[in-house]
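The values are calculated or read from the model by the stated rules, or taken from the named source; none is laboratory data. Note that this is a predicted model, so its numbers are computed, not measured. FYI the Cβ positions are ideal-geometry reconstructions off the backbone, even for glycines, and counts take in every protein chain you see. Quick note on the areas: whole protein, heavy atoms, side chains included, nothing else; ligands and nucleic acids left out. Shrake-Rupley method; radii C 1.70, N 1.55, O 1.52, S 1.80 Å.
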Amino acid sequence: ELAEGGTLLLDEIGTLGLRQQAKLLRVLETGEVERVGASRSRRIDVRILSATNADLPAEVAGGRFREDLLFRLNTIEIRLPPLRERREDIRTLAEHFLRRYRKALVGFEPEALEALGAHSWPGNVRELDHTLERAVLMAQGGAIRAADLGLRPVPGASPRLEDLPLEEVERLLIRKALERHGGNVSHAAKALGLSRSALYRRLQQYGL
């Protein structure tokens, strides 16, 4: 109902259970929805986009996805190649994620861009997103270095989070929470699951 007259994205449609698949198919066929506990249906006009990493024909063959629902959803199919096959997009996406996580950083050093382009990205865009989030956390200067990305051994590379002492991980997480909440201690403390006084003690302890 909230998507009335617009577009509804159904991400990871391949993970939908068979019972929910049947309900979705009914909605697509009739153009009607029923609220829980309601006695009558409501008409809707919604464009449906669905996305998946799964091989849906194989899921159909295995009895895990309804063939009639696949036919109903698959009016126009757009196949998006993996990130390793569209390397021209890597820099644009990396800059987008950098702006999301920390606008204060000015960009990437040339070696970092080279490392991004050379990586195979088996996890596709989600892996790139996670890599940039980590790089922002580890960055010490004004630009992302290849060492900050943690993609492969690099001379002078920053250590992996799992290799850091607990106190250092906590310091990094606190710094990240403060950055995300614009320095608001109350909001950062809530996000970290700490009281304000506990966070103040750690700020003093870690010199933040």
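Tell me whether the range 91-99 contains one or more residues that are touching a strand residue (DSSP E or B) at 6+ places or on another chain (Cβ under 7 Å), open to solvent by less than 50 Å² (accessible area, probe 1.4 Å) and aromatic (Phe, Trp, Tyr). No, the range 91-99 contains no residue that is touching a strand residue (DSSP E or B) at 6+ places or on another chain (Cβ under 7 Å), open to solvent by less than 50 Å² (accessible area, probe 1.4 Å) and aromatic (Phe, Trp, Tyr).
For the range 1-15, give me the residue count where each residue is open to solvent by 90 Å² or more (accessible area, probe 1.4 Å), closer than 15 Å to Ser50 by Cβ and assigned to a loop (DSSP other than H, G, I, E, B).
0
Of Ser39, Ser50, all but one fail to be in contact with a helix residue (DSSP H, G or I) (Cβ under 6 Å, 6 or more places away or on another chain) and open to solvent by 40 Å² or more (accessible area, probe 1.4 Å); the exception is Ser50. Among the residues that make up the range 16-33, is at least one of them surrounded by fewer than 12 Cβ atoms within 10 Å (Cβ to Cβ), farther than 29 Å from Pro82 by Cα and at pLDDT below 90? Taking every residue of the range 16-33 in turn, none turns out to be surrounded by fewer than 12 Cβ atoms within 10 Å (Cβ to Cβ), farther than 29 Å from Pro82 by Cα and at pLDDT below 90.
Taking the criterion of being surrounded by 13 or more Cβ atoms within 10 Å (Cβ to Cβ) and not in a loop (DSSP other than H, G, I, E, B), the residues of the range 69-83 that qualify are Leu69, Leu70, Arg72, Leu73, Leu83.
Of the residues making up the range 85-104, just one is farther than 17 Å from Ile144 by Cβ and either of a type in the set (Val, Ile, Thr) or under 18 Å from the mean Cα position of the chain (by Cα) (or both), namely Asp89.
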